[in-house]
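Visitor: After the structure tokens below, expect a handful of questions from me.
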Amino acid sequence: MTDVPFPPDLVLDVHDLATIILDCHAQLETRFAKTKLLEINRGTSPLQTLSDAVLPPEWDALSPGQRRVAYILQEEPYATTRVTIDTFAHPDGVKTSDNHTSTRRELEDVYWRCKDFDSGYVLAYVAQQVFDALPPTAKLRARTSAAHLITCAPSEVTVAEIKIQLHEACLMEVVAPQPHLWMQHLSGFDGSMPWVYLLIGKPTSMDLEKDTRVVLDLVLPQIGGRGGGGELFALERGLHYHDDVLSKYADEFQGFKLSEKLRLSPPHIRRHGEAVKAMVLERLAKVVAGEEQFCAYCGKAGAELRCSKCKSVRFCKDCHVLGWKYHKVWCKPSEA
């Protein structure tokens, strides 16, 4: 529980909460806090910024038909500020095999693939802890990009875990300033991997076509994906999530498990989860009190641009176009 006060009749929009959780995680995450992107390599040509000798044995040992991508990142340990999406690309440019200039959306894909690495349980835990901190009389409102809407009590949330195999394996090679010093992070190179998300709402049927519950997947970009509305997470009805969203990036396997609560270990992971939870609750209290405006796409505080139609939802200047695909589904023109 928490000492942060929330009104008993609070209606919390899950989409809004997801953006805030991810922004807080990005502010506190340490693995890629000071790394800038040097190169994107999809395995069709040699590396341009490093020798191919740095590639792990797994790079050439993939399943038939499985794609691969490597992100070469340079760590700047003496930088005084954290890298953001605006400073993520290396000042000398990002090398690609086709000399392609990356768009902001493409840079976001890499940025969040790094930020979300190995964070599925942590972020699902944070969301669950925030739900537990709400008054039992509060309501969660989950609105999807396909215009599906449910409301439920904060207690009506379940943890789901499945096994998936990625369509594209990913290597993140972090190079330090000193020569011959690097750190490798891999996903999708060793067969199936566990995947966790939250199911929001009461179960209404064992048949996915009839079940009305909504999936909240906070780390879909880790495997190269986005939500149905271009979000940096997935918030979709279960059937749509499995058949149309997750299936673009991974194959599912047997081993579906449901549970009520997540617990975090080892201690450093638990500390990060608790720190993100505390920051989210502090910001959420300000939002509810009308003391903070945030971007409906990236979750950053201080967003100043209002939607020109509804006059209520706000965006950062670089986010309004990226956020429109989802927002237009629920945007209602202002009566003022």
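Visitor: List the number of the failed condition for Val287; all other conditions in (1) at negative phi; (2) under 18 Å from the mean Cα position of the chain (by Cα) hold.
Guide: Result: Val287 passes all but (2).
Visitor: For segment 250-264, which residues satisfy the criterion of being farther than 15 Å from Ala160 by Cβ and surrounded by 10 or more Cβ atoms within 10 Å (Cβ to Cβ)? Outline the logic, then answer.
Guide: Residues of segment 250-264 that are farther than 15 Å from Ala160 by Cβ, as a first pass: 251, 263-264.
The answer is Asp251, Leu264.
Visitor: Can you pull out every residue in segment 199-214 that is surrounded by 24 or more Cβ atoms within 10 Å (Cβ to Cβ) and not in a loop (DSSP other than H, G, I, E, B)? Please lay out each step first, then the result.
Guide: Of the residues in segment 199-214, the ones surrounded by 24 or more Cβ atoms within 10 Å (Cβ to Cβ) are 200, 213-214.
Listed by number, the residues that qualify are Ile200, Val214.
Visitor: Sticking with this structure for a sec: Given (1) open to solvent by 10 Å² or more (accessible area, probe 1.4 Å); (2) touching a residue at least 40 places away in the same chain (Cβ under 8 Å); (3) in contact with a Lys or Arg (Cβ under 9 Å, 6 or more places away or on another chain); (4) farther than 16 Å from His15 by Cα, where does Lys163 come up short, assuming only one miss?
Guide: Failed condition: (3).
Visitor: If you take the residues of segment 283-313 that are within 21 Å of Cys24 (Cα to Cα), out of contact with any His (no Cβ under 9 Å at 6 or more places or on another chain) and not in a loop (DSSP other than H, G, I, E, B), which of them is least open to solvent (accessible area, probe 1.4 Å)?
Guide: The extreme case among them is Leu284.
Visitor: Then there's this: I want to confirm something. Restricting to segment 51-73 and keeping residues that are in contact (Cβ under 8 Å) with a residue 60 or more places away in the chain and assigned to a loop (DSSP other than H, G, I, E, B), which single residue is most open to solvent (accessible area, probe 1.4 Å)?
Guide: As a first pass, look at segment 51-73 and keep what is in contact (Cβ under 8 Å) with a residue 60 or more places away in the chain: 54-56, 58-59, 61-63, 66-73.
Restricting the remaining residues to those that are assigned to a loop (DSSP other than H, G, I, E, B) gives 55-56, 61-63, 66.
Details: Leu55: 33, Pro56: 12, Ala61: 66, Leu62: 45, Ser63: 49, Gln66: 29 Å².
In this case the residue turns out to be Ala61.
Visitor: Could you identify the single residue in Asp13, Asp86 that is touching a strand residue (DSSP E or B) at 6+ places or on another chain (Cβ under 9 Å) and either at pLDDT 95 or above or open to solvent by 10 Å² or more (accessible area, probe 1.4 Å) (or both)? Outline the logic, then answer.
Guide: Working: Asp86 fails: touching a strand residue (DSSP E or B) at 6+ places or on another chain (Cβ under 9 Å).
Checking each option against the conditions leaves just Asp13.
To keep it simple, each residue is scored yes or no on (1) open to solvent by less than 20 Å² (accessible area, probe 1.4 Å); (2) in contact with a Gly (Cβ under 6 Å, 6 or more places away or on another chain); (3) on the phi > 0 side of the Ramachandran plot.
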{"residue": "Gly224", "(1), (2), (3)": "no, no, yes"}
{"residue": "Glu231", "(1), (2), (3)": "yes, no, no"}
{"residue": "Pro266", "(1), (2), (3)": "no, no, no"}
{"residue": "Glu274", "(1), (2), (3)": "no, no, no"}
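Visitor: Can you pull out the residues in segment 98-119 that are modelled with pLDDT of 95 or more and in contact with an Asp or Glu (Cβ under 8 Å, 6 or more places away or on another chain)?
Guide: Lys115, Ser119 - these are the residues of segment 98-119 that are modelled with pLDDT of 95 or more and in contact with an Asp or Glu (Cβ under 8 Å, 6 or more places away or on another chain).
Visitor: Looking only at residues in segment 109-121 that are open to solvent by less than 10 Å² (accessible area, probe 1.4 Å) and part of a helix (DSSP H, G or I), which one is farthest from Glu39 (Cα to Cα)?
Guide: Lys115
Visitor: Looking at this structure, is Arg105 in contact with a helix residue (DSSP H, G or I) (Cβ under 9 Å, 6 or more places away or on another chain), open to solvent by 30 Å² or more (accessible area, probe 1.4 Å) and not in a loop (DSSP other than H, G, I, E, B)? So that I can check it myself, show each step before the final result.
Guide: Details: in contact with a helix residue (DSSP H, G or I) (Cβ under 9 Å, 6 or more places away or on another chain): yes; open to solvent by 30 Å² or more (accessible area, probe 1.4 Å): yes; not in a loop (DSSP other than H, G, I, E, B): yes.
So Arg105 fits the description; yes.
Visitor: A further question follows. Based on this model, can you work out whether Arg263 counts as under 18 Å from the mean Cα position of the chain (by Cα), assigned to a loop (DSSP other than H, G, I, E, B) and either of a type in the set (D, E, K, R) or at pLDDT below 95 (or both)? Step through it out loud before you land on a result.
Guide: Values: under 18 Å from the mean Cα position of the chain (by Cα): no; assigned to a loop (DSSP other than H, G, I, E, B): yes; either of a type in the set (D, E, K, R) or at pLDDT below 95 (or both): yes.
So Arg263 does not fit the description; no.
Visitor: Can you work out which of the residues in segment 233-245 that are of a type in the set (A, V, I, L, M, F, W, C) and more than 16 Å from His167 (Cα to Cα) is most open to solvent (accessible area, probe 1.4 Å)? So that I can check it myself, show each step before the final result.
Guide: If we filter segment 233-245 for residues that are of a type in the set (A, V, I, L, M, F, W, C), which is where we start, we get 233-235, 239, 245.
So of that shortlist, the ones also more than 16 Å from His167 (Cα to Cα) come out as 233-235, 239.
Values: Phe233: 2, Ala234: 0, Leu235: 0, Leu239: 50 Å².
The qualifying residue most open to solvent (accessible area, probe 1.4 Å) is Leu239.
Visitor: Determine which single condition Pro194 fails, assuming it passes every other condition in (1) open to solvent by less than 20 Å² (accessible area, probe 1.4 Å); (2) under 19 Å from Glu260 (Cβ atoms).
Guide: Single failed check for Pro194: (1).
Visitor: Take Leu22 and decide whether it is under 17 Å from the mean Cα position of the chain (by Cα), in contact (Cβ under 8 Å) with a residue 40 or more places away in the chain, surrounded by 13 or more Cβ atoms within 10 Å (Cβ to Cβ) and under 30 Å from Ala303 (Cβ atoms). Steps first, please.
Guide: Values: under 17 Å from the mean Cα position of the chain (by Cα): yes; in contact (Cβ under 8 Å) with a residue 40 or more places away in the chain: yes; surrounded by 13 or more Cβ atoms within 10 Å (Cβ to Cβ): yes; under 30 Å from Ala303 (Cβ atoms): yes.
When the stated conditions are applied, Leu22 passes them.
Visitor: Looking at (1) in a loop (DSSP other than H, G, I, E, B); (2) within 18 Å of Cys170 (Cα to Cα); (3) under 16 Å from the mean Cα position of the chain (by Cα), can you tell me which one Gln48 breaks?
Guide: For Gln48, the exception is condition (3).
The values are calculated or read from the model by the stated rules, or taken from the named source; none is laboratory data. Treat the numbers as computed from the prediction; the structure is a model and nothing was measured. Every residue, glycine as well, gets a Cβ built from its backbone with ideal geometry; the counts of neighbours run over all protein chains shown. The area values use the complete protein model at the heavy-atom level, side chains included, leaving out ligands, DNA and RNA. Shrake-Rupley method; radii C 1.70, N 1.55, O 1.52, S 1.80 Å.
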